[in-house]
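To keep things clear, I will list the structure first and then write my remarks on it.
The values are calculated or read from the model by the stated rules, or taken from the named source; none is laboratory data. Here the structure is a predicted model, which is why all the values come from computation and not from measurement. Note that each Cβ is placed from the backbone with ideal geometry, even for glycine, and that neighbours are counted across all protein chains shown. Just so you know, the surface numbers come from the protein's heavy atoms only, side chains and all, with ligands and any DNA or RNA stripped out. Shrake-Rupley method; radii C 1.70, N 1.55, O 1.52, S 1.80 Å.
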Amino acid sequence: MDLFTKYYSEWKGGRKNTNEFYKTIPRFYYRLPAEDEVLLQKLREESRAVFLQRKSRELLDNEELQNLWFLLDKHQTPPMIGEEAMINYENFLKVGEKAGPKCKQFFAAKVFAKLLHTDSYGRISIMQFFNYVMRKVWLHQTRIGLSLYDVAGQGYLRESDLENYILELIPTLPQLDGLEKSFYSFYVCTAVRKFFFFLDPLRTGKIKIQDILACSFLDDLLELRDEELSKESQETNWFSAPSALRVYGQYLNLDKDHNGMLSKEELSRYGTATMTNVFLDRVFQECLTYDGEMDYKTYLDFVLALENRKEPAALQYIFKLLDIENKGYLNVFSLNYFFRAIQELMKIHGQDPVSFQDVKDEIFDMVKPKDPLKISLQDLINSNQGDTVTTILIDLNGFWTYENREALVANDNENSADLDDT
């Protein structure tokens, strides 16, 4: 050690650092209060609440946003593009000076450059800039709103935290006015599952607030504030009342013995009732069950996976079921294991079984894996054919649709031609 110090001192030229600050390492870790440290927990909660209130006051309120719009409109730079008002950089800076300290962050050169497109006068759209400001304010407001439910104060929400957030959000969403209060708990469970299924792939039981803000799910949920939301939009929105009632209604219809849980036999009637027994066996082997039966939360994961087969999180869910040897890849044995059940169902329905060899070759041609003998999850995702491959292996109806895709397209074309003739 002495030798090291000697050579290090010589290398540094024998100079000693006279700054006292460098003699001590600053504290960088503060442990969280334990559950029994009630006073410390209360202090932490109160200090976080005060901090979030201060951050909230820093945001633009409605009156300040209206004033900003007035200033932008007053300083617009002609000529207009159609009905689109524009503003140049000089006037942009003038508005920034008059708008007040809260707006200062929005009037930076990089913001102007980000919104500058192809205008020959070097201007930006006033409406685009104002929408940018509105979006930023909304994101910060939502971040603060979500942080109020972050009990641990670590930047993530647990399942119970997100449940509380959505439960308290329901009365503010006009599109959910018709929901019975007795259905609230099922609605909250349905909504929360989508967040956790897609944003918590490792099943840690918590989601980063940043990830919630970055995905589109919160936009879909808050879209329900629109009192004039179209029927089509409601049907495609997982968080809408019709969608939640549809999913829960399907669950109740499958539950023939009315015990609140689904057996393998009951789940086999899901969708077109053509999923193979081999696949259903794997579902009940790998997923959380209670005395061999599936609860509503586990059922929601199952539905989200099958309804979103193009998504990586859904493919991960199904891949785990197909990977019967837990090797992290699918080989010829795995594919044959599942496709054999498809062949058996074809015989039962009086169809001629398709050769596994042909299907196996088609699957490898579609996926084009890095290893010609193994298909990894990443191979499936990269191929953009994961939904087709998984459907072929688990669902007779899906396989039949794939096998007869050319005939179905031809029929659709003929029907379209008939309609055009009439």
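Here Asn131 fulfils each of the conditions (1) of a type outside the set (Phe, Trp, Tyr); (2) touching a residue at least 12 places away in the same chain (Cβ under 8 Å); (3) in a helix (DSSP H, G or I) apart from (2). Every test in (1) over 30 Å from Lys136 (Cβ atoms); (2) modelled with pLDDT of 85 or more is passed by Asp2 save one, and that test is (2).
Checking each residue in segment 298-316 for being crowded, with 16+ Cβ neighbours inside 10 Å, out of contact with any Pro (no Cβ under 9 Å at 6 or more places or on another chain) and in a helix (DSSP H, G or I) picks out Thr298, Tyr299, Leu300, Asp301, Phe302, Val303, Leu304, Ala305, Leu306, Ala314, Leu315.
Scan segment 130-166 for residues that are open to solvent by less than 20 Å² (accessible area, probe 1.4 Å) and more than 22 Å from Val50 (Cβ to Cβ) and the total you get is 3.
Does segment 61-70 include one or more residues that are among the hydrophobic types (A, V, I, L, M, F, W, C), touching a residue at least 24 places away in the same chain (Cβ under 8 Å) and not assigned by the TED database to the domain that holds Phe112? No; the residues of segment 61-70 include none that is among the hydrophobic types (A, V, I, L, M, F, W, C), touching a residue at least 24 places away in the same chain (Cβ under 8 Å) and not assigned by the TED database to the domain that holds Phe112. Under the condition of being open to solvent by 40 Å² or more (accessible area, probe 1.4 Å) and among the β-branched types (Val, Ile, Thr), the residues counted in segment 351-403 number 2. Inspection of segment 232-243 identifies no residue that is open to solvent by 40 Å² or more (accessible area, probe 1.4 Å), at pLDDT below 95 and not in a helix (DSSP H, G or I).
Considering (1) assigned by the TED database to the domain that holds Leu173; (2) surrounded by 16 or more Cβ atoms within 10 Å (Cβ to Cβ); (3) not hydrophobic (A, V, I, L, M, F, W, C), the lone condition that Gly205 does not fulfil carries the number (2).
Among the residues of segment 269-289, the one identified as out of contact with any Ser or Thr (no Cβ under 9 Å at 6 or more places or on another chain), under 18 Å from Asn259 (Cβ atoms) and of a type outside the set (Lys, Arg) is Tyr270. What residue, of Lys74, Lys23, Lys55, is more than 30 Å from Gly100 (Cα to Cα) and either without any contact (Cβ under 8 Å) to a residue 12 or more places away in the chain or of a type outside the set (A, V, I, L, M) (or both)? Among Lys74, Lys23, Lys55, only Lys23 is more than 30 Å from Gly100 (Cα to Cα) and either without any contact (Cβ under 8 Å) to a residue 12 or more places away in the chain or of a type outside the set (A, V, I, L, M) (or both). Which fully enclosed helices (runs of 4 or more DSSP H) of segment 361-422 have 3 or more residues being modelled with pLDDT of 90 or more, in the same structural domain as Leu330 (by the TED database) and more than 30 Å from Gly350 (Cα to Cα)? Answer list for segment 361-422: 377-383. Considering only residues of segment 317-339 that are within 27 Å of the chain's Cα centre (by Cα) and surrounded by fewer than 20 Cβ atoms within 10 Å (Cβ to Cβ), which is nearest to Arg269 (Cα to Cα)? Per the criteria, the residue is Lys320. Scanning segment 209-231 for residues that are out of contact with any Gly (no Cβ under 6 Å at 6 or more places or on another chain) and not in a loop (DSSP other than H, G, I, E, B) yields a total of 15. Tell me, please, whether a residue that is touching a Lys or Arg at 6+ places or on another chain (Cβ under 6 Å) and either open to solvent by 30 Å² or more (accessible area, probe 1.4 Å) or assigned by the TED database to the domain that holds Pro372 (or both) can be found in segment 254-265. Looking for residues that are touching a Lys or Arg at 6+ places or on another chain (Cβ under 6 Å) and either open to solvent by 30 Å² or more (accessible area, probe 1.4 Å) or assigned by the TED database to the domain that holds Pro372 (or both), one finds none in segment 254-265, hence no. The residue that is modelled with the lowest pLDDT, counting only those in segment 37-81 that are assigned to a helix (DSSP H, G or I) and of a type in the set (Asp, Glu), is Glu45.
What number of residues within segment 178-208 satisfy the criterion of being part of a helix (DSSP H, G or I), charged (D, E, K, R) and free of Cβ contacts under 8 Å to residues at least 60 places away in the same chain? Total meeting the criteria: 1.
Within the set Asn131, Asn88, the sole residue that is among the polar types (S, T, N, Q), more than 30 Å from Ala241 (Cα to Cα) and outside the structural domain of Leu202 (by the TED database) turns out to be Asn88. Give segment 215-257 a look and list any residue that's of a type in the set (Asp, Glu) and closer than 21 Å to Ala313 by Cβ, or say none. Asp219, Asp220 - these are the residues of segment 215-257 that are of a type in the set (Asp, Glu) and closer than 21 Å to Ala313 by Cβ.
Among the residues here, Arg48 does not qualify as open to solvent by 60 Å² or more (accessible area, probe 1.4 Å) and out of contact with any His (no Cβ under 8 Å at 6 or more places or on another chain).
Reported count of residues in segment 266-285, each being open to solvent by less than 20 Å² (accessible area, probe 1.4 Å) and in a helix (DSSP H, G or I), is 6.
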